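Working notes, structure below.
The values are calculated or read from the model by the stated rules, or taken from the named source; none is laboratory data. This is a predicted model, so every value here is computed, not measured. A quick note on method: Cβ atoms are made from the backbone with ideal geometry, for glycine too, and the neighbour counts reach across all protein chains shown. SASA here: full protein model, heavy atoms, side chains in, ligands and nucleic acids out. Shrake-Rupley method; radii C 1.70, N 1.55, O 1.52, S 1.80 Å.
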Amino acid sequence: MAFWTFFSAKPLLWLIVTIVTFIVASWLNRRVGGTPLLHPVLVSLTLIILFLLLTGTPYETYFEGAQFIHFLLGPATVALAVPLFDHLERVKKMLLPLLLACMAGAVTAAASAILVAQALDASLETLLSIAPKSVTSAIAIGIAEKLGGYPSLASGLVLITGAIGCVLAPPIYRILNVTDEAVKGFTLGVSAHGMGTAYAFEYGLMAGAFGGLAMGMTGAFTAFMLPLLIPVMSL
Amino acid sequence: MLVGFLILLLFQFAGELIVMALAMPVPGPVVGMVLLLVCLIIKGEVPESLRLPSEALLKHLALLFVPAGVGLMTHFSLLQADWLAILLALIVSTGLTIIVTALILNPSAKKLHQLEKE
């Protein structure tokens with residue numbers, strides 16, 4: 001018990017817990033065939049939250065260790081410029097339809113989520129946290145901070161959105177008769193960010209590349225669009 | 001690798017500075033990303049020292065979401081009150097987003113494919 005009292009107050013323990021849990025969750029996900037319902041991030045969150053509740057550890061203590069991982073989201077967001085640059089030639093060739101689809105998709109995602117939640121009487125903090133839900137967490141956390149939502153709630157909702165997108169996309173593609181790999185990948189990137197992109201790679205390399213492209217474009221566009229959309233929707 | 005990581009941090013820093021100076025409602029790293037993209041376009045290629053840390057970070061992007069996501073535990077009361085609204089909002093809007101995006105892109109898909117082959 002003395003060990004626990006000593007180490008549970010140290011950042012090192014929580015850093016190790018985060019990484020170990022994620023590795024185990026990734027292994028588990030591969031074992032069950034990569035289903036988006038058991039996404040490594042969702043599984044890690046659940047396990048770590050359970051562990052913290054069982055040991056009576058406050059989130060603040062956990063975050064003292066986990067913040068070293070959290071910090072890397074900033075440079076990782078900047079790093080999205082690299083895959084964007086890699087696909088620049090592709091973007092230039094089909095700039096107009098991609099831009100249109102990205103903008104319409106991003107506005108639909110934010111506006112419809114806010115409208116539905118508003119109709120069901122969700123609180124203002126919930127509405128502001130739900131708005132950036134289709135954007136990669138790295139950017140969504142920043143947006144929620146800026147808007148006055150809860151960054152941690154926003155990032156949780158982003159992850160759940162990612163799983164929902166991976167589940168909904170295949171049947172919708174069948175109904176709408178979408179067969180093109182690029183369209184499949186780009187649509188997954190717009191609606192389900194990084195989790196959609198990872199899923200798009202299962203359709204093929206081109207789908208994955210377009211997913212990454214869509215994720216970057218939607219993230220950047222939403223960061224600039226939401227601060228304008230929120231007052232329009234009188235929040 | 002180290003130089004590349006420093007480049008990422010410096011662009012993030014520049015992004016944060018611009019956001020602060022102009023009081024922009026956008027996260028600093030997003031501005032940093034746009035700045036880096038512009039610089040890469042001007043330079044015409046990605047330096048190897050930058051590619052290494054960038055791809056390493058993006059490869060493990062999913063892990064980086066975990067610490068903030070665990071913060072969901074501090075919102076149990078909000079989640080309890082709004083869970084139905086949240087769940088319906090996420091499902092409806094994600095479905096709509098997929099439909100809207102696919103419908104806009106699908107007609108030009110043929111053209112996209114032709115351009116891809118060139």
### Message
Condition first: surrounded by 14 or more Cβ atoms within 10 Å (Cβ to Cβ) and touching a residue at least 60 places away in the same chain (Cβ under 8 Å). Can you find one or more residues in the stretch A:42-58 that meet it?
### Response
yes
### Task
Could you please find all residues in the stretch A:119-156 being farther than 23 Å from B:Gly28 by Cβ, without any contact (Cβ under 8 Å) to a residue 12 or more places away in the chain and either hydroxyl-bearing (Ser, Thr, Tyr) or open to solvent by 30 Å² or more (accessible area, probe 1.4 Å) (or both)?
A:Ala119, A:Leu120, A:Asp121, A:Ser123
### Task
Only residues that are over 17 Å from A:Asp86 (Cα atoms) and open to solvent by less than 10 Å² (accessible area, probe 1.4 Å): list them for the stretch A:199-210, please.
A:Ala200
### Task
Collect the residues in the stretch A:38-58 that are within 21 Å of A:Leu168 (Cα to Cα) and either assigned by TED's automatic domain parsing to the domain that holds A:Met195 or within 14 Å of the chain's Cα centre (by Cα) (or both), keeping them in residue-number order.
A:His39, A:Pro40, A:Val41, A:Leu42
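Being under 30 Å from B:Leu103 (Cα atoms) and more than 9 Å from chain B (Cβ to nearest Cβ) is the requirement here; does A:Leu128 meet it?
On the way: under 30 Å from B:Leu103 (Cα atoms): yes; more than 9 Å from chain B (Cβ to nearest Cβ): yes.
Yes; evaluated as a whole, the condition is true for this residue.
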### Residue identified as within 10 Å of chain B (Cβ to nearest Cβ), farther than 27 Å from A:Ala182 by Cα and either part of a helix (DSSP H, G or I) or open to solvent by 30 Å² or more (accessible area, probe 1.4 Å) (or both) among A:Ile114, A:Ile16
A:Ile114
### Query
Can you find even one residue in the stretch A:176-198 that is in a helix (DSSP H, G or I), modelled with pLDDT of 90 or more, over 17 Å from B:Leu72 (Cα atoms) and open to solvent by 10 Å² or more (accessible area, probe 1.4 Å)?
yes
### Message
Among the residues that make up the stretch B:50-67, is at least one of them more than 7 Å from chain A (Cβ to nearest Cβ), farther than 22 Å from A:Ile141 by Cβ, within 22 Å of the chain's Cα centre (by Cα) and open to solvent by 30 Å² or more (accessible area, probe 1.4 Å)?
### Response
yes
#### Entry: Checklist (1) closer than 23 Å to A:Ser129 by Cα; (2) buried (at least 21 other Cβ atoms within 10 Å of the Cβ); (3) not acidic (Asp, Glu) applied to B:Gln12, failing item
(1)
### Task
Mind listing whichever residues of the stretch A:127-141 are over 15 Å from A:Ile114 (Cα atoms) and either in a loop (DSSP other than H, G, I, E, B) or more than 12 Å from the chain's Cα centre (by Cα) (or both)?
A:Thr136
### Query
Among the residues of the stretch A:12-32, is there at least one that is under 27 Å from A:Ile143 (Cβ atoms) and touching a residue at least 60 places away in the same chain (Cβ under 8 Å)?
no
### Every pair of residues 6+ apart whose Cβ atoms lie under 6 Å, when the first sits in the stretch A:181-207 and is more than 8 Å from chain B (Cβ to nearest Cβ) and in contact (Cβ under 8 Å) with a residue 12 or more places away in the chain while the second is among the charged types (D, E, K, R) and assigned to a helix (DSSP H, G or I)
A:Tyr203/A:Glu181; A:Tyr203/A:Lys184; A:Gly204/A:Glu181; A:Ala207/A:Glu181; A:Ala207/A:Lys184
### Query
Conditions: (1) of a type outside the set (Gly, Ala, Ser); (2) over 18 Å from A:Pro97 (Cβ atoms); (3) modelled with pLDDT of 85 or more. A:Leu205 meets all but one. Number of the miss?
(3)
### Message
Looking at (1) closer than 28 Å to A:Leu229 by Cβ; (2) open to solvent by less than 70 Å² (accessible area, probe 1.4 Å); (3) in contact with a Ser or Thr (Cβ under 8 Å, 6 or more places away or on another chain), which one does B:Leu36 not meet, given that it meets all the others?
### Response
(3)
